[in-house]
Amino acid sequence: MPGVFAPVDERDLAARVKAAAGPLRIVGGGTRSIGRPVDGAVLSTAGLSGITLYEPGALTLVAGAGTPLAEVQQALAGQGQRLPFEPMDHAALMGAVAQGGTGAPTLGGMVAANASGPRRFQAGACRDSLIGVRFVDGAGQVVSNGGRVMKNVTGYDLVKLMAGSFGTLGVLTEVALKLLPEPETCAMLVCHGLDDDAAIAALTAAVRTPFEVTGAAHEPAVAGAQAVTRLRIEGFEGSVRYRAAQVQAALADHGAFDIVADADATRAAWAAIRDVHVFAGAPGDVWHLSTVPGDAPGLAARVPGATALYDWAGGRVWLCVPPGRDVRADLAPFRGHATLIRASRETRTVTPSFPPEAAGVAALSQKLRARFDPRGILNSGLMD
């Protein structure tokens, strides 16, 4: 790849980082171009690929950061297992691949973005399943924490710090994850025509039942299409059938929810929710809100021209808005935070993608970056 550094292994990566004369832009699959544009030489992790340890009996997997996510998922499916947190694939939503990227989401990119999907409210985020990391810091030193080492010589929980750091603390070379069995089957409950407030009330009621709902999403009516509210139940066939009926009965006062027992249709519907297909190819910027579920409809209504998709029973809101609009100005202070996920380079240059940090947190973040990237060369400015 012309103009791209592509180290073949961890040692090569460490040498390239140590010898770097200027900023480096870290790229995995290139499908998650989130944050301020980064100027610098492109450093690809594609060569750091491959599953190095997979123990199905221990529900543990270790792989290179450049390993395609699809390769990992295929290996797990062969053993009836999965990643617990249902990682999102940003490729369709973002619609472009960054220079040096492979076009396929990678394990390292998933961890660096803490990418987590519809199951997060029930199974936790990516960082909650991450048990070990190896990475190269900004000085070109190899650092290992957790996983097979289980020794934290730095005093920091680097496993958790690296998840969501977007390559600003170090370049991931290897990650270790805990796994879960793949459910035998799944089903969904579907209701059409609910307005946003009624839908969020129904989803909230469903997830408060003891019947282990693992998906709760609502897509409002758009361009003549009817609003649709969905719930997902996973597990053994008999359990899914029983629990779906119990949730349906519990929601009798919230709307007419039909049970769809077709597992393939359920998986397809949730893949589309996970990857926000409704906004793929649609014009406009895309924002992600994390908030209190009951507040979600009111927040979406504050943003002129916005189209919404609600996930996590309203705790996550995806908004597609007119280009260049900073929704934080519309929302004012609210219980949660807003992150700019998709926008033009020009918009990302002038609009901070990540929510502002409190003074104490900002000071801590600055100290961490100074500790792990003293020259300020790793994805410099991306999270500013």
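The values are calculated or read from the model by the stated rules, or taken from the named source; none is laboratory data. It should be emphasised that the depicted structure is a prediction, and the values quoted were computed from it without experimental measurement. Reconstructed Cβ throughout: ideal geometry from the backbone, glycine too, with neighbour counts over all protein chains shown.
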- request: Hey, can you tell me all the residues within the stretch 90-113 that are within 18 Å of the chain's Cα centre (by Cα), surrounded by fewer than 23 Cβ atoms within 10 Å (Cβ to Cβ) and either among the aliphatic types (A, V, I, L, M) or under 26 Å from residue 10 (Cβ atoms) (or both)?
  value: 91, 92, 93, 94, 96, 97, 98, 103, 104
- request: Being more than 25 Å from residue 142 (Cα to Cα), loosely packed, with under 14 Cβ neighbours inside 10 Å and in contact (Cβ under 8 Å) with a residue 60 or more places away in the chain is the filter here, so list the residues in the stretch 340-384 that pass it.
  value: 345, 349, 384
message: I'd like to verify a number: residues in the stretch 35-58 that are surrounded by 15 or more Cβ atoms within 10 Å (Cβ to Cβ), within 26 Å of residue 81 (Cα to Cα) and of a type outside the set (Gly, Ala, Ser), how many?
response: 5
task: Please find, within the stretch 285-328, the residue that is nearest to residue 219 (Cα to Cα) out of those that are of a type in the set (Asp, Glu) and surrounded by fewer than 22 Cβ atoms within 10 Å (Cβ to Cβ).
output: 295
query: Using beta carbons and a limit of 8 Å, which pairs, at least six apart or on different chains, have the first residue in the stretch 46-72 and touching a residue at least 60 places away in the same chain (Cβ under 8 Å) and closer than 16 Å to residue 173 by Cβ and the second one among the acidic types (Asp, Glu) and assigned to a strand (DSSP E or B)?
result: 48/174; 52/174; 61/55; 62/174; 63/174; 64/174; 65/174
Unique match (being more than 21 Å from residue 88 (Cα to Cα), among the hydrophobic types (A, V, I, L, M, F, W, C), in contact with a strand residue (DSSP E or B) (Cβ under 8 Å, 6 or more places away or on another chain) and part of a loop (DSSP other than H, G, I, E, B)) among 38, 42: 38
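Here is a yes/no grid of residues against (1) touching a Gly at 6+ places or on another chain (Cβ under 9 Å); (2) modelled with pLDDT of 95 or more:
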{"residue": "151", "(1), (2)": "no, no"}
{"residue": "175", "(1), (2)": "yes, yes"}
{"residue": "192", "(1), (2)": "yes, yes"}
{"residue": "196", "(1), (2)": "yes, yes"}
{"residue": "205", "(1), (2)": "no, yes"}
{"residue": "236", "(1), (2)": "no, yes"}
{"residue": "243", "(1), (2)": "yes, yes"}
{"residue": "246", "(1), (2)": "no, yes"}
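Yes or no, residue by residue, for (1) in a helix (DSSP H, G or I); (2) of a type in the set (Asp, Glu); (3) over 21 Å from residue 27 (Cα atoms):
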position	(1), (2), (3)
111	yes, no, no
159	yes, no, no
167	no, no, no
172	no, no, no
175	no, no, no
201	yes, no, yes
204	yes, no, yes
210	no, no, yes
216	no, no, yes
